[in-house]
Every structure is written in C-alpha cells, then in structure tokens.
There are 2 protein chains.
Amino acid sequence: MRKKIRAIQYGVGPIGAALVRLMREKQAIEIIGAIDTDPAKAGRDLGEVAGAADTPWGIPVSATTDLLNEGADIVVHSTSSLLPGVADQLLACLAAESCVVSTCEELAYPYRKYPQLAAQLDAEAKSWGVALVGTGVNPGFVMDKLVLTLSAGVQRIDSVRVLRIVDAAERRLPLQKKVGAGLSAAEFRERVAAGEIKHHGLPESVAMVSDGLDLGVDAIDEAIEPMIAAADVRTEFLEVPAGQVAGVHQIARGTAHGHEKIYMELQMFVGAKLPGDTIELRGAPNLTLTIPGGTHGDLATIAIVVNSIPAILAAPAGLRTSADLPMCFFPPAAKP
Amino acid sequence: MRKKIRAIQYGVGPIGAALVRLMREKQAIEIIGAIDTDPAKAGRDLGEVAGAADTPWGIPVSATTDLLNEGADIVVHSTSSLLPGVADQLLACLAAESCVVSTCEELAYPYRKYPQLAAQLDAEAKSWGVALVGTGVNPGFVMDKLVLTLSAGVQRIDSVRVLRIVDAAERRLPLQKKVGAGLSAAEFRERVAAGEIKHHGLPESVAMVSDGLDLGVDAIDEAIEPMIAAADVRTEFLEVPAGQVAGVHQIARGTAHGHEKIYMELQMFVGAKLPGDTIELRGAPNLTLTIPGGTHGDLATIAIVVNSIPAILAAPAGLRTSADLPMCFFPPAAKP
C-alpha cells in the first residue's frame, strides 16, 4: 500500500477552513498540520478552527512556518490574492520540497505582470523537483481552463467572449462587502481607487487564453465600474436601496494590434437575476457553452483546489497553470 | 528551428479528407503521405482526393502500408469505428514508431470491451516509445472529457446525466442513412439487429466517466430505439414522412450494484428542433453545462483529432485516452 499524500494547509481563513474540511474527506490525504499567524487560531485544533463536525482532529494550527520542515507532499496555500506579498511563503514551501496548490489569483498566470517572479518560482520549483500552481474557479477554471478545453472542438478561433454573472447575495458577507454592496457610487469609486474593491484574476485569464490559443494579445486593459441596484435588494447580511451600489462590474479586454481578441466580463452583485457563466468562441464553427446558475465561487474554488492535488503531484517540476493540468474530480476513495 | 511534425493520414474517406485539409493549415505539420486502399483514390494526389482548393499538393495517396516505414511522427487514423478490425493497422503504425490519433470510437476507451487488445496496444506502444489515442466529439469529448473537466468544479459527485441531441439534417447523407432516416420502424429494428444502425461510443464514454470519477459502474447496458418523425421532414438529401423513422435514439446506462450512476442519451435524427449538449452533475454542488445548438459531429471530430496531435506527441508512451490529455485548440501558426 502506498503512503498517503501528506498535506499542510497554509492559511486557515474561510476558504482555508473549507479546503481542509474537503481534504479531510479524501482517503488518500493525511493532513499533517496547518499554518495561520492569527493569534485567535494558532495553537487550537485545526478541526475546531475549520468548523468541522468531527472535532477534535488532533492537529494543531501552527503560528510559524517551521511546520514546513516536515516536508509535506503538498501545501495548500490560501493567504492572499496578490503574488508579491506571498512569494516568500511560496518559496519556503518549495524549499521544503513540497508541491503547492494556491488560491492566489495572481499566481494563476503570472507571466505578464510578474515575469521575473514567475521565472524565479519556476526555477526554484525545478531546483527542488516540485511543482506549483495557482488555481480556483476564476482565474483557473471557468474563464480560462474551460475556454481552452472547449477550444479543442473548433477548427479556427478568431475571438473569445466570456461573461460571468455571480449573485453575491448567495455568498459570504465579506464577499458582499468586497464587491461594494451598499456603497454610494462615489464611495465605490474611492475604494476602487484605493485598490480595495477589485476581483483579481481577469487579466490573468485573458493572458492564459491568449497564449493557449495563440491570439497574440499584446495589450490587456481592465475597467471596474459599479453595478447600481435598480430596486431594493435585501440579503441575509445587508440591504442595498435602489440607486446604491449592488456590486462590481469588471471588464477586461485583450487586444492584438488594437483589435479586440478576448473580452471577459464579470458581474458580481447582490440581486443578480440570471447568474451564469457563458463562453463564446467565434471561429469555425462558433461554439457557445453556458453554465446556467453559474459555478458557485467559493464552493467551486474549494473543489478545484483540492481536485487539483493529484494533477500537481503528477506534473513535471516547475511553475504550472490550469492550462497544463488535466483537471478532474478527485474521488474520495481514490488510492494515494 | 525544430523540424516539422511529419504526418501520415491513414484512411481518406469524408472524415479523413477533412482531417488532411485541416492539418494542411497547421504550419507545424508536414503531411508526408496518405494511405487508402480504395482503387479510386490510390495513386491520385491527396489534395485532389481531399477536395482541397490548393491542389495539387504533390503528395500521392498510397494503396499500401509501406508508407508507414517512413516513420512519421504521427499517423492520423480514420478507417473504422470498430477496434478489432483496425488493431493490425494500429499495431503497424506503432511498430513504425509513430504516435497515433484515431477516430476509431472503440479505441476511445477500450478497457472494458477489449481488455486484452487494450493491454496489447498499450504494451506495444510502450515498447516502441510512442503513444496512441482514440478520440473525437463523441466518444472523446462532449460526453466524457467535458464531463470530467466540469467535474473539477464539484466537491462530491453522486451521478451524471448527459443528453446529446443532434439534428442529422445538417449532416452528410451517409450519416442520415446511418441513423436510419426514412426507414419504417420495422426496417429500423432489422438493421439494428444486423448491427447496421448504431452510433458507437456510448459505453466507452460511460466507462471513461465512471473510472475517472470512481463511480463504480459494474454494468453498462445500451438500448437503441427509432426516433419517429412527428411531422414530414425534408433534408437536402431525403424526405421522411411523418410516422417513418427520423433517426436513432440511444441510451446507455451505467449502474453500480443496480443503482444508476451514469445516464447518457443520444438523439440523432433529422428535424431535431433543439439540438444541443447538456451535462448534469448531481452532487455538491449540482452543476449543469449546456452547449446550445450542440457541437457539430463532423466539424468537431475533425477539430478534436487534429487539435489532439500536440498532446499525444507530448504524452508518455502507451495507450492514452482523452481523459489523460490536456485538450486545447492547436494554433495554426504554432511552432513544431
């Protein structure tokens, strides 16, 4: 019998907590520890911190990264959306000869924004013989991997459009606040200017799709606008009067020599009537894919990260992306 | 500069002809020859046989398999749906140290129906250091690969349903005849009994999905019924009066200990009003994917086979399936 996959969870926020609960269901995985610097979590039982039903797990949350020295097979990393701030965390995981799956949106396809950091992570991973990937529902799946997979069915591609509409009313309060629900339009713009309101990952998806399909995108621009509530909206957590901001409306465009090749639109607001994901490939033939209701942001990200563990363990050493990995459900009874 | 991918087309029927026309658009590919035993084709220019616009190509169609001795990097194989009849053809390709992508439906996932043949092909491929795969739109993509890719977005899977509705009126005459359009119900059943009417590949898709998702399917049954025209249908090629057969209605079920885990339904008939592909994953969360209008059988199969060439060349030696390969569009200007 082969040994189990020894896993460490790095970051036990709401997503990290859900990640360990799902990992706990996989017979092939043994969670050997978790890292979180929050004093309210450090030293406590991981199962308890994660809100699991079968506590205690007998696994303490560690406040320091010394735990990485245990040399886990995989570190599941979920601490931040921005790559520069977590690069040292990732490098420490690699130096411990652990593969990494991270929810860091900017790691999903870092080659354009951070070419040096991407090269460094790739070189370090190769030098330690391990692989890392940033993934999740978006970036990592619905606006890029699924686009690339669908593209196998067409003979020619001229352009790509992706529309993702998320009803933030079905999400956590932090997500509802993060999209600006309840603000005035002026407040929204201030927060956007301060970098406090933004879904990270659209330019990463545009770049991944352009490179995968050879669409030659040489410029990517992104706009963030408020989505104004047309009528009063009430969620479990807050109320948005008509005329106030219901959420965020982001559009990223990838152009080649000034011609639009890739258009990606994300609407994430409370009260969205028709949530769903739509991918349109224009070419020969045209091909459209829809996910009515959409892929639930948190649930799908947690699924995708845990489901990616076997693929990243099997991948060649280096920095990988969702585009490289054959993504699939990770059966709970699968052998290690 | 790297050398081009040297390709041989094995079988120049309607699908083979379209395959070489698409391969011709790829700068990374050099078509070095084609094999077809039809005396009406052998000796003629491949471009002419394939109905290309830019004839002559200066590439003759060869009547014999001696051409395989040229040791192409890839043989694109399109001669039959049934594996036993083409096994020797495939083995000859492998012995020439060529990778193979085949449209043979039964090769897409041969492990249940032909375990010995599958093992032999896998062993031979490994001994020659090459890889082979059977793929196409169905089996190979819309009822299996896309199901597995979508499954990356869910945390638990209980069962899978796939419905594919194809309007045969938009397809070639041989396809319209193959689905029985215009027959009486009695004639249809006779032809089914004679093995003349059947779309091959549903059990292969059921098996691929069951194994990929660990759904434990221990029995697969398949039913083939006529789809009766409710009203007169007229296509470019034929007329079907109301009450006659419009096409085929096939259902494959995969059960585990008697419980249905996978249901796949294929309706392929002239006059289908709502063609499209629908995948439903039941689990946590449920996830539904639709391709309104559907993936065009011929166009998508041709795309998928040619688009799979880079992936099979990069794959480890042995018998591979769509489940193993990261499927994606093959850009025409891609480097070899």
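Only the coordinates and a few stated rules stand behind these numbers; no lab work does. Computed from a predicted structure; not experimentally measured. Every residue, glycine as well, gets a Cβ built from its backbone with ideal geometry; the counts of neighbours run over all protein chains shown.
So the values come out like this:
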quantity: Candidate aspartates and glutamates - alpha carbon under 15 Å from A:LYS273, same-chain residues fewer than 8 apart omitted; calculated: A:ASP167, A:GLU170, A:ASP232
quantity: Prolate/oblate/rounded label for the protein assembly as shown (Cα gyration tensor, a/c 1.5); calculated: prolate
quantity: Sequence-distant residues sharing a close amide H with A:ARG156 (under 5 Å, placed H); calculated: A:ALA284
quantity: Per-residue average of Cβ from other chains inside 10 Å of A:327-336; calculated: 6
quantity: Label zone at A:ALA119 (point 7 Å along Cα-to-Cβ), backbone N below 15 Å, the stretch A:179-223; calculated: none
quantity: Gained length - B:ARG112 relative to B:ALA230, 0.36 nm times residue gap less alpha-carbon distance; calculated: 38.7 nm
quantity: Counting DSSP beta bridges with both ends in the protein assembly as shown, the antiparallel % (nearest 5); calculated: 55 percent
quantity: Cβ-vector label at 7 Å, B:ASP54, separations to other copies in nm; calculated: 6.1
quantity: Reach of B:LYS4 by Cα under 19 Å, taken over lysines that are not fewer than 8 positions away in the same chain; calculated: B:LYS26, B:LYS335
quantity: Separation in nanometres of the label points that stand 7 Å from Cα toward Cβ, at B:ALA194 and A:GLU190; calculated: 8.1 nm
quantity: 18 Å Cα-Cα reach of A:LYS113 towards lysines, excluding residues that sit fewer than 8 places from it in its own chain; calculated: A:LYS198
quantity: Estimated [θ] at 222 nm from DSSP helical runs (n ≥ 4, -39500 (n - 2.57)) normalised by residues in chain B, nearest 500; calculated: -8000 deg cm²/dmol
quantity: Prolate/oblate/rounded label for chain B (Cα gyration tensor, a/c 1.5); calculated: oblate
quantity: C-alpha center-to-center spacing [the stretch A:122-196, the stretch A:289-336] in angstrom; calculated: 15 Å
quantity: Efficiency of FRET between A:GLN27 and A:LEU274 - r from beta-carbon atoms, R0 35 angstrom, step 0.05; calculated: 0.35
quantity: Distances in nm from A:THR65 to the matching label points in the other copies, shortest first (labels 7 Å along Cα to Cβ); calculated: 5.8
quantity: GNM flexibility winner over chain B from B:GLN120, B:GLN155, B:GLN176 (Cα, springs under 10 Å); calculated: B:GLN155
quantity: Teacher prompt: B:ALA242 distances to equivalent labels in other copies, 7 Å Cα→Cβ, nm; calculated: 4.9
quantity: Exposure proxy order (Cβ contacts within 10 Å, fewest to most) of A:LEU281, B:LEU183, A:LEU132; calculated: B:LEU183, A:LEU281, A:LEU132
